[in-house]
Amino acid sequence: MLELLQQSLFSGLLVGSVYALVALGIALTFGAMKIINLAHGELVLLAAYMAYVIESRTGWNPYAAIPLAFALTGIVSVVIYLLIERIREHRELNSLILTFAIGIILTNAILLVFASDVRSTGSPFLQDAVSFGPVYAMKGEITAFIISLAVMAGLWWWLKNSWYGRAVRAVSSNRDAAKLMGIDPRRVELAAFIVAGILASVAGVALYTMSVVQPALGPGLTIKAFIVAVLAGVGSIPGVFCAALLLGVTEAMTVTLASSALQELVGMVLFLLVLFFMPNGLFGARARRG
Amino acid sequence: MIRRNCLATACLAATLAFAASARAEDITIGAHMPLTGSLARSGQAFNEGMQVALRVFNESQSKHRIKVTVIDDESQPAKAVTAVEKLSSDGAAAIIGGYGSNIVGPASDTSNRLGKVYITGGAVSDELVQRGNKNFFRINNNAGYQRGVEGLIEEVKPNGVSIIASTKEAPMLLAKGLEESLAKKGYKVTLHPFDPAITDFKPIINKVKLQDKSEIIFMSAYENDYVGIIRAAKVLKPPVKAIVGAWSLATPKMYSDFPDLMQNVIGTTFLPFPVEVKDEEGRKFAAVYKEMFGKEIEYASTLAFVETMVLSEALARSADAGTLKSGGLLAEMKTTNRPSPLGRITFNEVGDNPNFALSMGQHRDGKIPLVSPAEFATGKLAYPAVPW
């Protein structure tokens, strides 16, 4: 039993790191603009398909696709921002409808270009098993975990130390006050969207290397990312990471101790419990004070 | 002058009458398929098989020309219902159904209410034939898949079977049927249901490795799940002797997409690969399919080809008898009795095809010989043999 639990814990942490990568983009745009980008899962998917294109056409490691994936997701992110920016009334609500529609368009564009086949990496290196004592993983999962940690640290540093990062936090905290301090919220929001595009590109490539992608995956990714972002609370990068790991481990433990058929249910129960007892999320209040 | 005009008029009238009788009669059918959404891969294969069948049928005779209007149901039951209503109101003579029991169920109910014959090759739930829908017909069923897998298990007699099954309706139906049947025969069976949203199968495979210790893993799932399960098994290497799956696994496409995962994996199928079609109709289907889509025929497209041919022939018979507009199609469907690349097709009193049975094919270096049952085998079963 101990061996089962150890493997579950380990698998949950690895899966959670990818949840975190996907959720960071949503958390960032939600924090900066109070907008939930329902097309974020499709941006991740777009990046995953770029990894497939690079790997299948050139035989290179899928991670070599990150620049191409970023170029594409960055452009789409800017387009999404420019469309959202044109919304004059009820931006929070209308942007939901707009980004939902963009998600559908992106899914169908992916379907048209790449067909409905399932895709995943064929790299022997990334699929090789690696063991740490009694627990096992694919090298692709370990790579994704390390990259997730690095991206998280980089984003945290950017938000704390760069001018744009601090401006994002200022706009997130109080848009009008930020304007009085000479910050142009439009530029800052655009920067947040572009950074979310970078995060989506890394998340998509990581997803491709350790899992299976297909055109219908986008909405599921968005929902999972949204759950993680709400669990974490607005504005907390370490919070997103911890919430994602918590969700991943909870799901994996449910599979081991009960049944996989219950894993989504248990994840949602966790989500509801946190919302009920801690409406600001696990780390939300502390982050806002910071 | 008058005589000459009369002669010319008579000639013209005769020519027009001949032309009218020689012109093919157009019959329009409707189809709803999941061309987008989570079932798009199967839906597109079904659409391809249907298009080939219509071309083969229309070229085989000149009396009737069958056209199809296809609506994308987006893998959603509500859209499928709307599609059937639209197709019916547009005058479709019959409906070719979609994919997935949860979609076909409400869509065929609607078709039944509207008095339209509905045929499917993409829904295996037993409930579909227990509703008393007199207009419902299908060419495949859960029992056919179960017979194929059970036959293989009886041949190799493993110490136990771990069934890893998606909680979607059709995979779970097959898994539960197999669990019950094998348990009755004295096999140790453990069922591991999984949520379709799962991304990591290692915790399940670890249970198979450390708790079940079964010699066979049976996967009742879909392509993306197969890849995840086999990949997790390659990492954890449970002491199994074979990995077996249900639909859409023993296909050349799976091998070409995932060659490192598919070697020695066994799945249900009805044709070996490279395709060895023994009947004339199958050869024609394979040739036209390759011409139209540039690839070999596959599992889902063959189901669609057969269902469309069956419906087209019944439509033609009904039109010939002049009963198409008075409900004669239903009677013609019931008299169906023909060979096909899937075996003989007949329909029992509830519209099911009792002859449906599948063989088991094993991935072997890019080829898929049939390895079970023995009477249809084109190659020897490699056992024990796993992808790693």
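What follows is calculated from the coordinates using simple rules that are stated; it is not laboratory data. Remember, it's a predicted structure, so these values are computed and weren't measured experimentally. Cβ sites come from the backbone with ideal geometry, for glycine too, and all protein chains shown count toward neighbours.
The table below lists the values:
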item	result
Chain B - charge dipole about Cα centre, Lys and Arg +1 at Cβ, Asp and Glu -1, debye rounded to 20	360
Pair-distance profile P(r), taking every C-alpha pair of chain B, with 10 angstrom steps and integer %	5, 23, 30, 22, 11, 5, 2, 1, 1, 0, 0
GNM top mover of B:LYS295, B:LYS168, B:LYS184 - chain B, alpha-carbon springs below 10 Å	B:LYS184
Viscosity 0.692 mPa s, temperature 37 °C, Stokes-Einstein D of segment B:237-368 from Kirkwood C-alpha radius, µm²/s	197
On Cα atoms only, tilt of A:40-58 relative to the major axis of chain A in degrees	50
Options A:LEU247, A:ALA48, A:TRP158, ranked by Cα towards positive dipole end of segment A:2-289, top entry (Cβ charges)	A:TRP158
Fluctuation leader among A:MET152, A:MET268, A:MET33 - chain A, Gaussian network, Cα springs under 10 angstrom	A:MET268
Net charge contributed by nearby residues that have their C-beta within less than 14 Å of B:ALA78 (K/R +1, D/E -1)	-3
Highest-MSF residue in chain A out of A:LEU246, A:LEU24, A:LEU111 [GNM, Cα springs under 10 Å]	A:LEU111
P(r), alpha carbons of segment B:126-284 - 5 Å bins starting at zero, rounded %	2, 8, 18, 20, 20, 14, 9, 5, 3, 1, 0
Rounded D (µm²/s) - segment B:147-229, Kirkwood Rh over Cα pairs, Stokes-Einstein at 4 °C, 1.567 mPa s	101
Ellipsoid equivalent to the protein assembly as shown - semi-axes via the Cα gyration tensor, in Å	49, 34, 21
Electrostatic dipole magnitude of the protein assembly as shown [Cβ: Lys, Arg +1; Asp, Glu -1; Cα centre; debye, to 20]	960
Using alpha-carbon coordinates, inclination of helix B:280-293 to the longest axis of chain B, degrees	90
Acute angle (nearest 10 degrees) that the helix B:142-156 long axis makes with the longest principal axis of chain B, alpha-carbon atoms	40
Equivalent ellipsoid semi-axes - Cα gyration tensor, segment A:2-289, angstrom	29, 23, 18
Positive dipole terminus of chain B, leading residue within B:SER75, B:GLY379, B:ALA94 (C-beta point charges)	B:GLY379
Residue among A:LEU217, A:VAL274, A:LEU9 farthest towards the positive dipole end of segment A:2-289, charges placed on Cβ	A:VAL274
For segment A:2-289, size of Cβ-based charge dipole, Lys and Arg +1, Asp and Glu -1, in debye	1020
Relative contact order (percent, whole number), chain A, Cα cutoff 8 Å, 6+ residue spacing	36
Extended-chain gain in nm, criterion 0.36 nm per residue less alpha-carbon gap, A:PHE114 and A:LEU275	54.1 nm
Contact order relative to length of chain B, as percent, for alpha carbon pairs under 8 angstrom and 6 or more apart	17
Value of Rg to Rh for segment A:153-290 (Rh from inverse mean 1/r over Cα pairs, i.e. Kirkwood)	1.02
